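Please treat every number below as a calculation from the coordinates, not as lab data. These numbers were taken from a predicted model, which means no experiment stands behind them. Neighbour counts are summed over all protein chains in view; Cβ atoms, including those assigned to glycine, are modelled from backbone coordinates with ideal geometry.
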Amino acid sequence: MDNFIQIKDVAKTYWSNDGKIETKVVLPLSMTIGEGEMVMFLGPSGCGKTTLMRIVGGLETPDQGTIHLHGDLLTGPDRRRGMVFQSYSSYPWLTVRDNIKFGTRYRKDISAQEKEEVTDHYLNMVGLKRYADFYTNRISGGMRQRVAIARTLASSPDVLLMDEPFGALDAQTREYLQFQLMDINKAEKKTTIFVTHDVEEAILLANRIVIFSSRPARVVREIKVDDILSIEDRRNGTADMDRFFKLRAEILELIRAEYAHTLEEA
Amino acid sequence: MFKSLFAFRKPLNRRTDLVLGITGFILFLTMWEITVRSGVIRPEFLPSPVAVVQAFVNLFVERNFASDIVISVSRVWFAFLLSVIIAIPLGLLMSTYRFAGAILEPFVDFVRYLPVPALVPLLVIWFGVGETSKIAVLWMGTFFQLILMISDDTKRVPVEFVESGQTLGASNGQIMRHIIIPAALPNMIDSLRITMGWCWTYLIVAEIVAANSGIGHVIWSLRRFVKTPEVMAGIITIGIIGLLTDQAFRYAHTRLFSYLRR
């Protein structure tokens, strides 16, 4: 299904507190995302890519335009779109396992027994079985982010929304989790919107990269990474490095040009 | 050993903490005793620690002080719980719905700044000199502080906790019960502990004005006979009760919220 998510003419403007200064965050923008597709939103910081993703998640209301998921018009947030945040959103009063189980708490499609099984499944998938009974402020930032990802997957959303989920992590942990996410994606084929400003991360994980302009966000370029570097090659580390660096340079140049606009405006 | 005492911004072990805490008291008592023995201050004004301890015992034996303590503690807890059961729901409401905050916050802020002792005459006119006016004094002193503290505690729950709940399919009521309250609870318990301390402050105000029982009454009536040791013993009693209550709250806090320890 090619138009699994349909974003149509979505626009958003923020007003300053006194209501005098308007900042257009997202210009009327349309886009479709296919089922099972991993789309990376890439762009200069503050460009409105996170806002657009939050609109898809129902956490922000657009001033105009509509979002359809599987043909259904979306309004507020619900379980169909799970979100992983940049900051650690695992609950400190619950153990690792109970955090993941919390993802199943509001599901009515499975039994209590199945909820336990789902919890164990994702606990194993993110490699935290050994830490099941730990409270989350006694595990590292990378582990906490794995808890948040597992919790979101356990809620079985149709769409996974990830807001720079690895942004606060050190380089080694980030790389480890990127590969773990590729494994998860291979197993689950979950439709994902992933916001990042890390070009290499985008190339590594994406089926498609959407590059945004500086604020207000409009699409500067879309790149189907699959056509340039196969996902298997990227996963196995056998990707053609010349192509990889050429693509990286091309994207960096686009973003650099957009970032320059940001500075001019300021 | 000595060097570890001065480790910059590092915690000490529990035993050292306890020993140092007791040392503080002993130092204070020693200086007090030395001052009295030096004869600089007349004993009517500053009796020796031994005299105070003697007076403390006398209060129990001769004046049935234990029943005054029970009365004071009951007043404090009754007023405190009355504050808590009203302030928690209202505080949650204020932090959740902007309209409730908009209505209540300015008013609460206004009342909060009224000095409680200044309200005593009014409360006596309204409620007489019985128990009701005393509870009212304590309640006025704690409720309006607590409601804002509870509201702030819940406002400080990270927005990601709430939003992750929304995207996991929780309803607003479920987010309140399953996420906001558990997340805010440690800070809320701390707010209760602090408010409890204020309750004891206002107890004396309440019991000095028109009371015939309670620790404050005992202190105030013995003052007329310049029974300085007994007055000091009464004050120290409040200190001890306060210290014990505070420690009980802290103990409960570490037991209930062991997950906060790193």
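Could you go through segment A:220-235 and let me know if any residue there is crowded, with 16+ Cβ neighbours inside 10 Å, under 18 Å from A:Leu52 (Cβ atoms), within 18 Å of the chain's Cα centre (by Cα) and not charged (D, E, K, R).
Yes, segment A:220-235 contains at least one residue that is crowded, with 16+ Cβ neighbours inside 10 Å, under 18 Å from A:Leu52 (Cβ atoms), within 18 Å of the chain's Cα centre (by Cα) and not charged (D, E, K, R).
Quick one: which of B:Thr154, B:Thr228, B:Thr195 is out of contact with any His (no Cβ under 8 Å at 6 or more places or on another chain), buried (at least 16 other Cβ atoms within 10 Å of the Cβ), among the polar types (S, T, N, Q) and under 30 Å from A:Ala148 (Cβ atoms)? Reasoning before the result, please.
Numbers: B:Thr228 fails: under 30 Å from A:Ala148 (Cβ atoms); B:Thr195 fails: under 30 Å from A:Ala148 (Cβ atoms).
After ruling out the rest, the residue left standing is B:Thr154.
Which residues, counting only those in segment A:115-142, are under 22 Å from A:Gly167 (Cα atoms), more than 14 Å from every other protein chain (Cβ to nearest Cβ) and in a helix (DSSP H, G or I)?
A:Met125, A:Gly142
Please tell me if B:Leu104 is surrounded by 17 or more Cβ atoms within 10 Å (Cβ to Cβ), over 30 Å from B:Ile235 (Cβ atoms) and more than 14 Å from chain A (Cβ to nearest Cβ).
In short, yes.
Looking at (1) within 30 Å of A:Lys24 (Cβ to Cβ); (2) crowded, with 20+ Cβ neighbours inside 10 Å, find the lone condition where A:Gly103 falls short.
(1)
Do you know which residues across segment A:53-87 are part of a strand (DSSP E or B), β-branched (Val, Ile, Thr), buried (at least 17 other Cβ atoms within 10 Å of the Cβ) and more than 12 Å from chain B (Cβ to nearest Cβ)?
A:Ile67, the sole residue that qualifies.
Considering only segment B:125-146, state which residues are crowded, with 19+ Cβ neighbours inside 10 Å, over 13 Å from B:Leu81 (Cα atoms) and of a type in the set (A, V, I, L, M, F, W, C).
Listed by number, the residues that qualify are B:Val137, B:Phe144.
Under 6 Å by Cβ, and 6 or more places apart or on different chains, what pairs join a residue from segment B:158-169 that is facing chain A (nearest Cβ under 7 Å) with one that is assigned to a helix (DSSP H, G or I)?
If the second residue must be assigned to a helix (DSSP H, G or I), the pairs left are B:Phe161/B:Ile179; B:Phe161/B:Ala183.
Restrict the check to segment A:157-170 and report whether at least one residue is away from every other protein chain (no Cβ under 14 Å), of a type outside the set (Val, Ile, Thr) and surrounded by fewer than 16 Cβ atoms within 10 Å (Cβ to Cβ). Can you show your working first?
Of the residues in segment A:157-170, the ones away from every other protein chain (no Cβ under 14 Å) are A:166, A:169-170.
Next cut, of a type outside the set (Val, Ile, Thr) only: A:166, A:169-170.
Applying the additional criterion that residues be surrounded by fewer than 16 Cβ atoms within 10 Å (Cβ to Cβ) yields A:170.
Scanning segment A:157-170 turns up at least one residue that is away from every other protein chain (no Cβ under 14 Å), of a type outside the set (Val, Ile, Thr) and surrounded by fewer than 16 Cβ atoms within 10 Å (Cβ to Cβ).
Among the strands (runs of 3 or more DSSP E) contained in segment A:173-225, which hold 1 or more residues that are under 30 Å from A:Leu263 (Cα atoms) and without any contact (Cβ under 8 Å) to a residue 40 or more places away in the chain?
Per the criteria, A:219-224.
Kindly list the number of the only condition in (1) farther than 30 Å from B:Pro11 by Cα; (2) surrounded by fewer than 21 Cβ atoms within 10 Å (Cβ to Cβ); (3) within 14 Å of chain A (Cβ to nearest Cβ) that fails for B:Val205.
Of everything listed in (1) farther than 30 Å from B:Pro11 by Cα; (2) surrounded by fewer than 21 Cβ atoms within 10 Å (Cβ to Cβ); (3) within 14 Å of chain A (Cβ to nearest Cβ), B:Val205 misses just condition (3).
Determine which member of the set B:Phe60, B:Phe45 is among the aromatic types (Phe, Trp, Tyr), surrounded by 12 or more Cβ atoms within 10 Å (Cβ to Cβ) and under 20 Å from B:Pro229 (Cβ atoms). Outline the logic, then answer.
Details: B:Phe45 fails: surrounded by 12 or more Cβ atoms within 10 Å (Cβ to Cβ).
Only one candidate passes the filter, namely B:Phe60.
For the structure I just gave you, tell me whether B:Val218 is of a type in the set (A, V, I, L, M) and touching a residue at least 60 places away in the same chain (Cβ under 8 Å).
The answer is yes for B:Val218.
Can you tell me which residue is nearest to A:Leu74 (Cα to Cα) among those in segment A:143-169 that are of a type in the set (A, V, I, L, M) and not in a helix (DSSP H, G or I)?
A:Val159
Scan segment A:69-99 for residues that are under 16 Å from B:Ile175 (Cβ atoms) and of a type in the set (Phe, Trp, Tyr) and jot them down.
A:Phe85, A:Tyr91, A:Trp93
Name every residue in segment A:121-154 that is among the charged types (D, E, K, R) and touching a residue at least 12 places away in the same chain (Cβ under 8 Å), in order of residue number.
A:Asp133, A:Arg144, A:Arg146, A:Arg151
Scan segment A:96-106 and give yes if some residue there is closer than 28 Å to B:Arg156 by Cβ, away from chain B (no Cβ under 13 Å), without any contact (Cβ under 8 Å) to a residue 60 or more places away in the chain and not hydrophobic (A, V, I, L, M, F, W, C), otherwise no.
yes
Under 26 Å from A:Lys108 (Cα atoms) and out of contact with any helix residue (DSSP H, G or I) (no Cβ under 6 Å at 6 or more places or on another chain) - does that describe any residue in segment A:24-36?
Here is the first cut: in segment A:24-36, the residues under 26 Å from A:Lys108 (Cα atoms) are A:35-36.
If we keep only those that are out of contact with any helix residue (DSSP H, G or I) (no Cβ under 6 Å at 6 or more places or on another chain) as well, we get A:35-36.
Yes, segment A:24-36 contains at least one residue that is under 26 Å from A:Lys108 (Cα atoms) and out of contact with any helix residue (DSSP H, G or I) (no Cβ under 6 Å at 6 or more places or on another chain).
Suppose we keep only residues that are surrounded by fewer than 20 Cβ atoms within 10 Å (Cβ to Cβ) and more than 10 Å from chain A (Cβ to nearest Cβ) within segment B:170-180. Which one would you say is nearest to B:Glu105 (Cα to Cα)?
Among those that are surrounded by fewer than 20 Cβ atoms within 10 Å (Cβ to Cβ) and more than 10 Å from chain A (Cβ to nearest Cβ), it is B:Met176.
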